[in-house]
Amino acid sequence: MSAEAARLALILNELRLPTIKRLWAALAEQSDKEGWPAKRFLAAVMEHELAERETRRLERHRLESGLLPGKLLSNFDFTSVPCVSKAHVTALVEGDGWIGQGANLLLFGPSGVGKSHLVCAIGYGLIDRGYRVCFTRTSDLVQRLQVARREMRLTQEIARLDRFDLLILDDLSYVRRDQAETSVLFELIAERYERKSLALTANQPFSGWDQIFAEPAMTLAAVDRLVHHSTIFELNVESYRGREAREAACKQVKPGRKNA
């Protein structure tokens, strides 16, 4: 390596341009052979740097999101939930409007109907469009916020979640007020209201939420904030496991009785 090339490598390290460091020599050779003007060579190396930087950013945001692996729109079975419009879901993935307004997404239905799959698929789509998403079980987040309250840093912990454009709380119905102090959950909902979007999945409709929050007034206030500016999907269909069991039973051939 020439002294000039070695010096350039040091400069690119200092400027944190690893893609240009890796590719510049090959592109410079091509440029010399084909007689590129300087601006074309410069544009070429910068385009490669930007493209790989965007790829790394997306990978980093997918990893930090905690979204369930493999839960994509491409493998979600819309035929099993005819009450959900694929066009509507695709529009939500675009993120325009509702994310900027801090609107919410609420998914209701029994266990095993695809609520988590659908909300994760929307999350992956939003990440691809430049938004930051965090997926967590509601009970896990409640415990985390409880610890923060005991350590007198609840405000800071909730503020840290502001870096996510969409916070997905999975399985809200499994949180019970007799198991934990759920006022921290209400504080999170109230703090994000009309600023940052929430997505919730729940097995129970709003009428069953009196078992989640500490008192009826808190339940009403939480529901009011979530429903205002929200999209609601009700996946009231047979679960995947139930459907598979029924289909398997139908495939079984029962032996016929022979005439005597």
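No value in this document is a laboratory result; all are computed from the given coordinates. Everything quoted here is computed from the prediction, not taken from an experiment. Reconstructed Cβ throughout: ideal geometry from the backbone, glycine too, with neighbour counts over all protein chains shown.
Springs between alpha-carbon atoms under 10 Å, Gaussian network over the chain: tell me which of TRP24, TRP36, TRP209 tops the mean-square fluctuations. Looking only at TRP24, TRP36, TRP209, the biggest GNM fluctuation is shown by TRP36.
A Förster radius of 35 Å, combined with the Cβ-Cβ distance separating ASN236 from ARG150, puts the computed FRET efficiency at roughly 0.35.
Under the rule a/c < 1.5 gives rounded, and otherwise a/b versus b/c splits prolate from oblate, where does the chain land using the Cα gyration tensor?
On the way: a/c = 2.80, a/b = 1.54, b/c = 1.82.
Oblate is the answer for the chain, as a/c is 1.5 or above yet b/c matches or exceeds a/b.
The mean sequence separation of alpha-carbon pairs under 8 Å and at least six residues apart, normalised by the residue count of the stretch 157-202, gives a relative contact order of 60 percent. For the pair the stretch 63-109 and the stretch 210-229, the centres of their Cα atoms are 23 angstrom apart.
Quick check on the stretch 96-196: take the gyration tensor over C-alpha atoms, sort the square-rooted eigenvalues as a ≥ b ≥ c, and tell me if it's rounded (a/c under 1.5), prolate or oblate. Since a/c reaches 1.5 but b/c is at least a/b, the shape of the stretch 96-196 is classed as oblate. Once the C-beta distance of GLU29 and PHE78 is scaled by a Förster radius of 45 Å, the resulting FRET efficiency is 0.35 to the nearest 0.05. With the cut-off at 1.5 for a/c, could you classify the stretch 42-136 from its C-alpha gyration tensor as rounded, prolate or oblate? Verdict is prolate for the stretch 42-136. Taking the chain as a Gaussian network, where each spring joins two C-alpha atoms under 10 Å apart, which residue of PHE135, PHE108, PHE78 fluctuates the most? Most flexible of the set in this elastic network: PHE78. For the chain, the dipole from Cβ point charges (+1 on Lys and Arg, -1 on Asp and Glu) about the Cα centre works out to 800 debye, to the nearest 20.
Could you line up MET152, MET46, MET218 from fewest to most neighbouring Cβ atoms inside 10 Å? Could the numbers behind the result be given before it?
Values: MET152 8, MET46 13, MET218 20.
Going from least to most buried by this count: MET152, MET46, MET218.
Amide H contacts of SER230: ASN104, each under 5 Å away and 5 or more positions distant or on a separate chain (H built 1.01 Å from N in the peptide plane; Pro and chain starts excluded).
As a proxy for reagent exposure, ranking LYS33, LYS71 by other Cβ atoms within 10 Å from fewest up yields LYS33, LYS71.
For the chain, what is the mean residue ellipticity at 222 nm derived from helices alone (per DSSP H run of n ≥ 4: -39500 (n - 2.57); sum divided by total residues; nearest 500 deg cm²/dmol)? Provide the component values of the computation, followed by the final result.
Values: 10 runs with 134 residues, N = 260.
Estimated from H runs of four or more residues: -16500 deg cm²/dmol.
When only Cα pairs under 8 Å and 6 or more residues apart are kept, what is the percent relative contact order across the chain?
Values: 326 pairs, mean separation 59.7, N = 260.
Relative contact order here is 23 percent.
Most mobile of ALA159, ALA202, ALA43 per a Gaussian network model of the chain (Cα springs, under 10 Å)? Its mean-square fluctuation being the largest, the pick is ALA43.
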